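Written below as structure tokens is the structure these notes are about.
The values are calculated or read from the model by the stated rules, or taken from the named source; none is laboratory data. Bear in mind that the values here come from a model prediction, so they are computed numbers and not experimental data. Reconstructed Cβ throughout: ideal geometry from the backbone, glycine too, with neighbour counts over all protein chains shown.
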Amino acid sequence: MRSALETPVRVRFAPSPTGYPHLGNIRTALFNWLFARHHGGKFILRIEDTDSARKVEGTVEAIMESLQWLGLNWDEGPYFQSQRLAIYHEITRSLLEKRHVYLCYCSPQRLETMRQEQARRKQPPKYDRHCRDLTEEERSRLETTGVSSVVRFKMPLEGETTFCDLIHGSVTFRHDTLDDFILLKSDGYPTYHLANVIDDHLMAVSHVLRADEWLSSVPRHVLLYRALDWQPPQFAHLPIILGPDRTRLSKRHGATAITEYQRQGYLPDAMTNFLALLGWSLDDRTELLSRDELTKHFSLERVGKTAAVFNRDKLDWMNGVYLRQLSLDEFVQQAMPFLDRDLPESVKRPLDKSFVSGVLSLIQERARTLAEVPQLTSFFFADELQYDARLLLGGKLETKPAVQAITAASKRLAEVEAWDAAVLEAILRPLASELGLSTGKLFGLLRVAVTGCTAAPPLFQTMAVLGREKCLQRLNTAVEVLSAHSD
RNA sequence: GGCGCAUUCGUCUAGGGGUUUAGGACACCUCCCUCUCAAGGAGGAGAUCACGGGUUCGAAUCCCGUAUGCGCCA
């Protein structure tokens, strides 16, 4: 067996453009990238687009965009398998010459009835090798009729193949449980097995890190490498990521496309950190790791074997941690596009940067995603607040004392010279006792009057950012709301 | 149907025969801080380590079955 040190590390991320990349795909990409960076190797991007029927428009772009968003830069590629058909054909020809493969002329109908028969007899579906030993005459007769053919691999009839997976250890498959799988389809396109093996070899891929579901295909691949006289790469099959219902991730689980997480306001670094911990861990306590720390410590030995359920709550928590770690300027820069996108249309654009900065300083530690920012701050930008009078009273106050309290506060605030949080507090705190109200009641009342919400950033800081004019105006409105309300 | 892989708190995980009364994180609960919400701090609850057999003085850790889940083969 080759050791990782002998050959330069070259890994690849090889998605099919059949759908937008989701968490599972990207996690595979991340592990490949981390492995490459850890070993100072190369990370290759290869698009396995040989199944034209399932190709989905725009996915190649989405794949590249997703990788770029997460900072998973590739060193080579993208290579496209659809542009390498001549290579696959040539190598298939050499396999034919060496009799490792054969042409199969069986019609889809024949195969279908065969399968049904096998299913009826509860036998494993397996090609019956009808064309494996055709005589030359039979073959040329079929050729002249112009029937289409596929190329199948001659699976050894006995024996077994054992290989060592870097994560699972030694795995063995008996040949008689495997069938003569197809290498080249009748339309001339290679199957995954053929194209994948050829490309990995030609691109000098040293380690194949891919999802667990390919584990059962490895014996086929190993046998193919042998037939071609090539040295197989090292394999590492990664545990898959499951949805909350313990089934594989799919469109049913909502935001599957990784770009959707970008839209929902997750930071690339948080996403990377979170994904890295799905199937890998550093030790028994470290949860937060920077990109550099991840590449420094990443190793296949610490990759687990069991499928992991994606836990949105933990992602949210982690994103909040990363959001709080940002400097205010960085936070403003990150949040600005979300404000632009989601604040009501009535709010004038462009937004004033210094006002936004003041606003955001108050909610940075309260937001878990950037997409929450507009909701958390919309009252700062609104012209008029919408709320019910009962919200002001909070079930604790009568209308009259409430009106008195607001009026008294307004009066004092109108006279304040310096409009900042400390001064406001120095004015309003004593007012509570003067009015015979608890600070909780007074501040709660003012909070609703000024923000329209019962939960908001600290009152004095909020008022300081909002500015005197807007605060007084809103207190006024609150009095009107209360007056119109009878209890 | 055959083959393969997996199985530790709800979830992510630590754990490679004795240091384990199974550790950490998210979520949950309580308390502290406090003008609300967060953040932060302190604590709590939560896993007979899927089950059953072995091996061993001793097993979550090794072996064998069973079950369940997932995957591959069409």
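Out of A:L431, A:L435, A:L442, I need the residue that is touching a Pro at 6+ places or on another chain (Cβ under 8 Å) and more than 30 Å from A:S346 (Cβ to Cβ). Which one?
On the way: A:L431 fails: touching a Pro at 6+ places or on another chain (Cβ under 8 Å); A:L442 fails: touching a Pro at 6+ places or on another chain (Cβ under 8 Å).
Exactly one residue qualifies, and that residue is A:L435.
Kindly list the number of the only condition in (1) of a type outside the set (G, A, S); (2) surrounded by fewer than 18 Cβ atoms within 10 Å (Cβ to Cβ); (3) outside the structural domain of A:G243 (by TED's automatic domain parsing); (4) farther than 27 Å from A:T59 by Cα that fails for A:P337.
All conditions are met except number (4).
Return the residues of the stretch A:274-313 that are in a helix (DSSP H, G or I), closer than 22 Å to A:R368 by Cα and more than 11 Å from RNA strand B (Cβ to nearest atom); say none if nothing qualifies.
The first filter runs over the stretch A:274-313 and keeps only residues in a helix (DSSP H, G or I), leaving A:274-276, A:291-297, A:300-302, A:312-313.
Going one step further and asking which of them are closer than 22 Å to A:R368 by Cα, we end up with A:274-276, A:291, A:312-313.
Scanning the stretch A:274-313 gives a single hit, A:R291.
Where in the stretch A:384-479 are the helices (runs of 4 or more DSSP H), entirely inside, with at least 3 residues that are among the small types (G, A, S), at pLDDT 90 or above and out of contact with any Phe, Trp or Tyr (no Cβ under 8 Å at 6 or more places or on another chain)? Steps first, answer last, please.
Numbers: elements: A:389-393, A:399-415, A:421-435, A:439-451, A:459-466.
Where helices (runs of 4 or more DSSP H) fall fully within the stretch A:384-479 and carry at least 3 residues being among the small types (G, A, S), at pLDDT 90 or above and out of contact with any Phe, Trp or Tyr (no Cβ under 8 Å at 6 or more places or on another chain), they are A:399-415, A:439-451.
Is there any pair with a first residue in the stretch A:278-295 that is β-branched (V, I, T) and a second that is surrounded by 13 or more Cβ atoms within 10 Å (Cβ to Cβ) whose Cβ atoms are under 8 Å apart and which are 6 or more apart or on different chains, and what are they?
Once the first residue is β-branched (V, I, T) and sits in the stretch A:278-295, its partners that are surrounded by 13 or more Cβ atoms within 10 Å (Cβ to Cβ) give A:T295/A:L34; A:T295/A:R37; A:T295/A:H38.
Would you be able to say whether some residue in the stretch A:346-353 is modelled with pLDDT under 95 and in a helix (DSSP H, G or I)?
yes
In this structure, does A:Q68 turn out to be surrounded by fewer than 16 Cβ atoms within 10 Å (Cβ to Cβ), more than 16 Å from RNA strand B (Cβ to nearest atom) and under 19 Å from the mean Cα position of the chain (by Cα)?
Details: surrounded by fewer than 16 Cβ atoms within 10 Å (Cβ to Cβ): yes; more than 16 Å from RNA strand B (Cβ to nearest atom): yes; under 19 Å from the mean Cα position of the chain (by Cα): yes.
For A:Q68, the condition - surrounded by fewer than 16 Cβ atoms within 10 Å (Cβ to Cβ), more than 16 Å from RNA strand B (Cβ to nearest atom) and under 19 Å from the mean Cα position of the chain (by Cα) - is met.
What's the total number of residues in the stretch A:101-115 that are of a type outside the set (S, T, N, Q) and within 13 Å of RNA strand B (Cβ to nearest atom)? Before you say what the answer is, go through the steps one by one.
Keep residues of the stretch A:101-115 that are of a type outside the set (S, T, N, Q), which gives A:101-106, A:108, A:110-112, A:114-115.
Of the ones still in play, those that are also within 13 Å of RNA strand B (Cβ to nearest atom) are A:104, A:106, A:108, A:110-112, A:114-115.
Qualifying residue count, the stretch A:101-115: 8.
Mind checking which residues of the stretch A:451-461 are surrounded by fewer than 22 Cβ atoms within 10 Å (Cβ to Cβ) and more than 6 Å from RNA strand B (Cβ to nearest atom)?
A:G452, A:C453, A:Q461
Is it true that some residue in the stretch A:88-106 is of a type in the set (G, A, S) and in contact with a Leu (Cβ under 6 Å, 6 or more places away or on another chain)?
No: the stretch A:88-106 contains no residue that is of a type in the set (G, A, S) and in contact with a Leu (Cβ under 6 Å, 6 or more places away or on another chain).
Per-residue answers, yes or no, for (1) touching a strand residue (DSSP E or B) at 6+ places or on another chain (Cβ under 7 Å); (2) in contact (Cβ under 8 Å) with a residue 60 or more places away in the chain:
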residue	(1), (2)
A:L70	no, yes
A:W74	yes, yes
A:H89	no, yes
A:C104	yes, yes
A:S107	no, no
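Which residue is farthest from A:L442 (Cα to Cα), if the candidates are limited to the stretch A:373-390 and must be surrounded by fewer than 17 Cβ atoms within 10 Å (Cβ to Cβ) and not polar (S, T, N, Q)?
This residue is A:D383.
Consider only pairs whose beta carbons are under 7 Å apart and that are at least six residues apart or on different chains; among these, list those whose first residue lies in the stretch A:171-192 and is assigned by TED's automatic domain parsing to the domain that holds A:S94 and whose second residue is aliphatic (A, V, I, L, M) and part of a loop (DSSP other than H, G, I, E, B).
Close Cβ pairs satisfying both conditions: A:H175/A:M155; A:H175/A:L157; A:D176/A:L157; A:L178/A:M155; A:D179/A:M155; A:D180/A:M155.
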